[in-house]
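The values are calculated or read from the model by the stated rules, or taken from the named source; none is laboratory data. This one's a predicted model, so the numbers in the text were calculated from it and none came from an experiment. Ideal geometry is used to build each Cβ from the backbone, glycine not excepted, and the neighbour counts take in all protein chains shown.
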């Protein structure tokens, strides 16, 4: 085992893993790896170590209650948005109004039924009002 | 098609003028990563939350002195890192500073010792919950000086330059610490996976 040469390569490994090693050094290192099983394994497992850690595991946001207390501490309560935009509907449904096409059957036009409920005359879909 | 993928850079002028909307946008965009970094630095949710709040309070106070030599985000990281290190020092006063070129004598310890080829490990095992727990614990084993570099670069994906700016280190120093951190983690993971490798051919 060419221990001395192996050590020489140690300093270059960071750049190698990040793909930033100069082509000349890179070729030299790969040549060495082809001949030295030990270095091949060290480099491969080093790469894999970094890759595993690159696989995201955490939520992008702080926990909701931590966010809430942070915003409160900074007097930003009124700016607090839902923590994870992905968990809220992509296109929040707008409030329905009389005359809108029925969101259920897309046939009828919604109209009030006399009890503040928007109703579709075609499929009977109902929204809002006092009794829903 | 929205342009939500290309976030606007934060306006220091607006922040200085007391624009709360802009401040809220900054906090909203950065609090997740800052909390995550703090949590992994101090390994304690309560301390991490304190650090998170302190970071923005200090940033507000220090903003007039912000010189724009780094991005605002990098600057926030810097404050958060300093807060984290302060917490650690309070907890374990026996230690370290970021500036010293630490433990040169340690250098030998980074020679690879574990030479087990675990690249063939099934992906399900590599990414299992149990492995995740081990990965987090392994990061906690790194010295704070190595840990912070590893977290910023390999977990938060900051560039070498940003990491260097946030830590007040040279890029060469960042690269050296990053490599040491990665090598130490590789050792730990190798030992961990060596025990889990399938052994089709036991020596008869």
Residues of segment A:1-31 being over 22 Å from residue B:178 (Cα atoms), within 14 Å of chain B (Cβ to nearest Cβ) and in a helix (DSSP H, G or I), which ones?
-> A:3, A:4
List the number of the failed condition for residue A:57; all other conditions in (1) within 24 Å of residue B:151 (Cβ to Cβ); (2) more than 8 Å from chain B (Cβ to nearest Cβ) hold.
-> (2)
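Within segment A:41-54, which residues are at the interface with chain B (Cβ under 8 Å from one of its Cβ atoms) and in contact with a helix residue (DSSP H, G or I) (Cβ under 7 Å, 6 or more places away or on another chain)? Let's see the steps before the verdict.
Taking segment A:41-54 first, the residues at the interface with chain B (Cβ under 8 Å from one of its Cβ atoms) are A:41-42, A:44-46, A:48-50, A:52-54.
A:45, A:46, A:49, A:50, A:52, A:53, A:54 - these are the residues of segment A:41-54 that are at the interface with chain B (Cβ under 8 Å from one of its Cβ atoms) and in contact with a helix residue (DSSP H, G or I) (Cβ under 7 Å, 6 or more places away or on another chain).
Let's see how each residue does on (1) at pLDDT below 90; (2) touching a helix residue (DSSP H, G or I) at 6+ places or on another chain (Cβ under 9 Å); (3) surrounded by 15 or more Cβ atoms within 10 Å (Cβ to Cβ):
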{"position": "B:1", "(1), (2), (3)": "yes, no, no"}
{"position": "B:17", "(1), (2), (3)": "no, no, no"}
{"position": "B:34", "(1), (2), (3)": "no, yes, yes"}
{"position": "B:64", "(1), (2), (3)": "no, yes, no"}
{"position": "B:101", "(1), (2), (3)": "yes, yes, no"}
Filtered residues of segment B:43-58 (kept if surrounded by fewer than 23 Cβ atoms within 10 Å (Cβ to Cβ) and part of a helix (DSSP H, G or I)) | B:45, B:46, B:47, B:49, B:50, B:53, B:54, B:57, B:58
Report yes if some residue within segment B:81-94 is more than 14 Å from chain A (Cβ to nearest Cβ), within 16 Å of residue A:62 (Cα to Cα), modelled with pLDDT of 95 or more and surrounded by 19 or more Cβ atoms within 10 Å (Cβ to Cβ); otherwise report no.
-> no
Residue check, residue A:83 against (1) surrounded by 15 or more Cβ atoms within 10 Å (Cβ to Cβ); (2) modelled with pLDDT of 90 or more, all met but one. Which one?
-> (2)
